[in-house]
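Data block below; observations after.
The values are calculated or read from the model by the stated rules, or taken from the named source; none is laboratory data. Note that the structure is predicted; figures quoted are calculated from it, not measured. As a convention, Cβ positions derive from the backbone with ideal geometry for all residues, glycine included, and neighbour counts pool all protein chains shown.
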Amino acid sequence: METGIACCAHGAFLPGVSSQHSKALVSPPPISPSFNSRSLKSSSLFGESLRWAPRSSLKLTKAKNSSHVTRCEIGDSLEEFLTKATPDKGLIRLLICMGEAIRTIAFKVRTASCGGTQCVNSFGDEQLAVDMLANKLLFEALEYSHFCKNACSEEVPELQDMGGPVEGGFSVAFDPLDGSSIVDTNFSVGTIFGVWPGEKLTGVRGRDQVAAAMGVYGPRTTYILALKDAPGTHEFLLLDEGLILHYAYFSSISYRSRQKAFLSSYTFLCSKKQRIT
């Protein structure tokens with residue numbers, strides 16, 4: 001599938017779909033050290049949730065023999081899963097940083113203002129305070145990963161240089177908070193992003209992605225990933241104690257025949273004469 005940010009060579013994330021998967025509730029494993037613990041610092045914006053390492057402590061590793069993937073287990077931490085799923089340490093760090101941003105956004109969505117900022121983005125949508133907060137957190141996470149070269153978002157569609165390398169680096173496009181206009185109705189909303197190798201975000205296809213993901217903020221917060229190097233789509237559950245655990249595996253996802261889809265935000269497109277009662 002070549003359209004949309006949230007699709008990948010081995011999986012796609014779509015509403016109202018059927019799937020084959022394994023799912024299990026698990027007990028949290030002990031927290032494993034991350035990257036270079038002696039050189040980790042905290043972001044002023046993320047507090048203790050985002051661990052940061054200087055560029056000099058990170059070594060670039062290109063994926064080799066990506067067809068060989070160690071089996072990922074239900075109950076693995078996000079870092080354990082990624083270490084098994086891909087040999088690319090740059091991609092691992094980027095996806096972990098985005099996971100930390102999703103954790104922070106999940107908390108902010110519960111308490112942030114949903115009022116407008118009195119401005120409109122380039123797509124004609126009113127920008128809400130919670131949109132801009134999520135946008136800021138995600139751009140900061142990408143910069144702190146040190147492996148994102150360029151990034152853009154629905155709120156900031158112009159390409160932004162994140163300071164990462166061209167060779168061995170990645171470019172990311174994201175919607176910081178899809179469905180933010182219905183946050184006050186308490187429906188689920190989410191972050192969507194795609195990751196491409198190198199510095200380009202124009203002239204690329206969905207199948208060129210090395211990873212695609214979304215964070216869903218609802219009764220529970222989940223982080224859903226598909227990687228080019230790993231088969232299937234994987235769901236992670238964010239626990240209260242801060243762990244992000246591998247919760248479910250979807251081997252295939254597809255629409256049922258004659259499947260109907262309804263978007264809770266669709267009511268905004270209805271005229272006053274066509275109110276839904």
Some residue of segment 181-201 being under 26 Å from E80 (Cβ atoms), hydroxyl-bearing (S, T, Y), at pLDDT 90 or above and part of a strand (DSSP E or B): yes
Members of segment 191-220 that are among the polar types (S, T, N, Q) and without any contact (Cβ under 8 Å) to a residue 40 or more places away in the chain: T202
Qualifying residues in segment 116-173 (those that are modelled with pLDDT of 95 or more and among the hydroxyl-bearing types (S, T, Y)) - the one farthest from G203 (Cα to Cα): Y144
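Please verify whether segment 137-155 includes one or more residues that are hydrophobic (A, V, I, L, M, F, W, C), over 22 Å from I224 (Cβ atoms) and not in a helix (DSSP H, G or I). First the steps, then the outcome.
From segment 137-155, those hydrophobic (A, V, I, L, M, F, W, C) are 137-139, 141-142, 147-148, 151-152; that's our starting set.
Narrowing the set further to residues that are over 22 Å from I224 (Cβ atoms) leaves none.
The answer is no; no qualifying residue exists.
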Residue pairs meeting the criteria (Cβ under 8 Å; at least 6 apart or on separate chains; first without any contact (Cβ under 8 Å) to a residue 40 or more places away in the chain, in segment 172-190; second β-branched (V, I, T)): D178/V189; D178/T191; D178/I192; S188/V216; G190/V216
